[in-house]
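Here's the structure, in structure tokens; my notes come after.
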Amino acid sequence: MSSMDGKEFADLADCDNSSIQSFSGAVITHCTWGLGKIIRIEERPDDQPIFRVRFDSSTKEFNLDSFREGFITKIEMTAEVPAELHSSDLLNSYTEDDLDESVRANIA
């Protein structure tokens, strides 16, 4: 799995909001509730998207500020990076050491 911190994710979403739906199913780490899975992403015109996250005992909703402000400390994506993210400035800013083998293979 490839991962990034919440602030990096918010920056990516701000720059390329067309890829937001690609993160449905991603696993996040929240500073209070621990591990959760993004089960739904609601895009809203002229406002931040809402991320519905399922934790062990509850479902919570977050906007990008939760990622940006460090409440969501990590987001882990599936090994296959969505094609639309290949050209993003944020992904291109990673060094080879930051990406696992499967992600490097998808970028090449």
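Our summary of shape: the Cα atoms of the stretch 1-78 have principal axis extents of 31, 23, 22 Å, ordered from largest down, in whole angstrom. Scoring 62-71, 4-13 by mean Cβ neighbours within 10 Å over their residues and listing the highest first yields 4-13, 62-71. Cβ-to-Cβ counts within 10 Å put Ile75, Ile20, Ile38 in ascending order as Ile20, Ile38, Ile75, the fewest first. Cβ crowding within 10 Å, taken as a proxy for footprinting-reagent exposure, orders Val27, Val53 from fewest neighbours to most as Val27, Val53.
Working from label points 7 Å from Cα in the Cα-to-Cβ sense, the Arg44 to Lys60 distance is 1.8 nm.
Readers should treat all values here as calculations from the given coordinates under stated rules, not as data from a laboratory. The shown structure was predicted, so the numbers you read here are calculated from the model rather than taken from an experiment. Heads up, the Cβs are rebuilt from the backbone with ideal geometry, glycines too, and the neighbour counts pull from every protein chain shown.
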